[in-house]
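Shown next, in structure tokens, is the structure this report addresses.
The values are calculated or read from the model by the stated rules, or taken from the named source; none is laboratory data. Predicted model only: the values in this text are computed from it and were never measured. Note: ideal-geometry Cβ built from the backbone for every residue, glycine included; neighbour counts use all protein chains shown. These area figures cover heavy atoms from the full protein model, side chains too; ligands, DNA and RNA do not enter into them. Shrake-Rupley method; radii C 1.70, N 1.55, O 1.52, S 1.80 Å.
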Amino acid sequence: MHEQLATRNMDLHILDHRLRVTSISKNGLVNFTHPLIKLIFLRNRTRCKFFSLTETPENYTVVLDEEGFKELQPSEHLQVESSIWLPLNVVSNGNASSSSQAVGVTKIAKSVIAPLAQQHVSVFMLSTYQTDFILVREKDLSVVISTLEEEFSIYREVGGESFPVHCQDFSNGLQKNGKDAMQPTVHPVLIPQNQFCVMSLDPDTLPSIATTLIDVLFYSSSPKEDTQSPPSQELDCIKFFSFSLIDGYISLVMDTEAQRQFPADLLFTSSSGELWRMVRIGGQPLGFDECGIVAQISQPLADSDISAYYISTFSFDHALVPEEDIVSVTDMLQHQRKEPATS
């Protein structure tokens, strides 16, 4: 009952953005530096309101609204996932939740992510310094609403105003999304050694870090990954950097080595120098149609009340957990892989 009451104080907002999820290959980045610099630094020159760029060892994942997407020219180096995605956001309609509670994807694991996985709705997660965005395909929206409307008051944002929505507002109603729930694949995880920070920045100070940001994003050479060696449980370090500019708010995720290149007084973080470790999900690129990948990680974290930021990318998923919890998280996830009966 307490759980029911807790989520009833939460609203689910379907935000006023229609998003594309794209990937730029590493060797094709040079073809996109101009539009990306425009999208990052020249907000007044583009009508883009939702932009996120994440570098991983494989590629650059760019999530952006239709206005921003117009800036990217078709190219053999650009892969575009075919769906339109809508970002959902859970908002407390009472007081802001107390800071002692777990933050990030953990807060919404049981109430949003698990129910959607059970309905075979694929989600793409983007946690930022400010909030967590749950991206769902536009075509799944009626299933999303009917699945979550018992738990949440659901609103659709249009032109800055919020309107309540209900399942019956959608003529196609609840299509049961597929057959009985299949046991989802339990994906392998890798835990690199880097320590990460989740930070923000006043957009007005963006010009003063422009050269550093361009350097880190476009010119930093990562240590060559040895693609021949099989992945081991422990990776030394991994190239991972994420920049989001969404509705005027900036969020940055970087490792401590990249952080040292930025002026310390401009970047701010929620608590005194909190450091995070990464759990990277997937042995092979994950694809977009599989459901339950986020739930695989977020559910056990929620059960243990461990905070986590979660960033999906074109090929793999990434959860960031507090450094002091990494040992227990590793044990938990290894146990989970041994748990399911092998067919």
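Quick notes on this one:
- Relative protection proxy for 203-214, 119-130, from highest mean packing down: 119-130, 203-214 (other beta-carbon atoms within 10 angstrom).
- Judged by the mean number of other Cβ atoms found within 10 Å, the most tightly packed of the peptides 74-85, 301-312 leads the ranking 301-312, 74-85.
- 3J(HN,Hα) couplings calculated from phi for segment 213-218 with the Karplus curve 6.51 cos²θ - 1.76 cosθ + 1.60 (θ = phi - 60°) are, in sequence order, 5, 4, 4, 5, 6, 10 Hz; Gly and Pro show x.
- Mean separation of Cα contacts under 8 Å (6+ apart) over length of segment 1-91, as relative contact order %: 47
- Net charge over other residues, Cβ less than 13 angstrom from the Cβ of Gln79 (K, R count +1; D, E count -1): -1
- Rolling a 1.4 Å probe over the protein chains gives Glu138 an accessible area of about 60 Å².
- The string of couplings for segment 257-266 from the Karplus curve (6.51, -1.76, 1.60, θ = phi - 60°) is 5, 5, 4, 4, 7, 9, x, 4, 7, 9 Hz, one whole number per residue in order, with x for Gly and Pro.
- Amide H contacts of Asp317 (H built 1.01 Å from N, in plane; Pro and chain starts excluded): Ile281 sit under 5 Å, all sequence-distant by 5 or more or on other chains.
- Sum of side-chain charges, Ala308 neighbourhood, beta-carbon under 15 Å (Lys, Arg +1; Asp, Glu -1): -4
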